[in-house]
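Notes follow the structure.
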Amino acid sequence: MKPAGDRSRGWAKGFPPVEPKRARVLILGTLPSEESLRRGQYYAHPRNAFWPIMGELFGAGRELPYAARLRKLASRGVMLWDVLRAAHRPGSLDSAIHPRRLEPNAIPELLARHPEVERIVFNGAPAEALFRRHVAKKCGARHAALELVRLPSTSPAHAARTFAQKLAAWRKILGARPSGRGGAENHHLRANKPNRMETTTITDSRKLSRGARLSPG
């Protein structure tokens, strides 16, 4: 994946989705950080917990080349994208995203191509707030059929939880189980239902917590 960021005058442009042929889960962030844009990789900041968590759950950790990590996730039915295609955002903080100078990704079209997707997982509160504000209504009836789950941000700036706590929360929703057909390569996503703390109803980005301000990816 080539770097996609156009950072002239504070603008950032994200990546295309990691889109397997079939997926049960879509993980949405906000917009790639400056480090991710520089490297042309999702969650490229060395202290972002995303890939260590994916390593624990699916064997898609940083010890693998980036392309191999994406293949691992695809084999588990996991799709990656961001809520925003582009935005005016000086730096990497979610709080720096201009509320009127942004463009959402074509998530309704992505979901239409993948009627098998059952769940959207938001990597942190800002991703959820942006989705609900700019995307949800465009999804129509498809939105009502989806399970929406907010999980703790994997960003190093979200220091309110330890890695172990973040891992536990992500494992509860995305934890893999053996299918009985030959080891880890045949693991599937659990259909765990989130509890009330994990299923959220944020409708306005002004309601975000202080932790939602930070998001190096």
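The values are calculated or read from the model by the stated rules, or taken from the named source; none is laboratory data. Small disclaimer: the values here were computed from a predicted structure and weren't measured. Neighbour counts run over all protein chains shown; Cβ positions are idealised from the backbone, glycine included.
Here are the numbers:
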read-out	value
Hey, S75 of a type in the set (G, A, S), farther than 24 Å from K137 by Cβ and touching a Gly at 6+ places or on another chain (Cβ under 9 Å) or not	no
Candidate set: region 30-89, residues that are charged (D, E, K, R) and surrounded by 22 or more Cβ atoms within 10 Å (Cβ to Cβ); chosen: the one nearest to the chain's Cα centre (by Cα)	D82
Residues satisfying the stated conditions in region 58-90, i.e. among the acidic types (D, E) and more than 21 Å from G124 (Cβ to Cβ)	E63
Yes/no for P194 being of a type outside the set (F, W, Y), crowded, with 16+ Cβ neighbours inside 10 Å and at pLDDT 95 or above	no
Within region 90-111, considering residues that are under 16 Å from the mean Cα position of the chain (by Cα) and of a type in the set (S, T, N, Q), the one modelled with the highest pLDDT	N105
Test for P156: is it surrounded by fewer than 20 Cβ atoms within 10 Å (Cβ to Cβ), of a type outside the set (A, V, I, L, M), within 18 Å of H45 (Cα to Cα) and in contact with a Leu (Cβ under 9 Å, 6 or more places away or on another chain)	yes
Subset of region 17-34 that is under 18 Å from L130 (Cα atoms) and in a loop (DSSP other than H, G, I, E, B) - its residue that is modelled with the highest pLDDT	P17
Residue check, I53 in contact with a Leu (Cβ under 7 Å, 6 or more places away or on another chain) and of a type in the set (V, I, T)	yes
Pair list, Cβ under 9 Å, 6 or more apart: region 4-15 residue modelled with pLDDT of 55 or more, other residue aromatic (F, W, Y)	G14/W81; F15/Y42; F15/W81
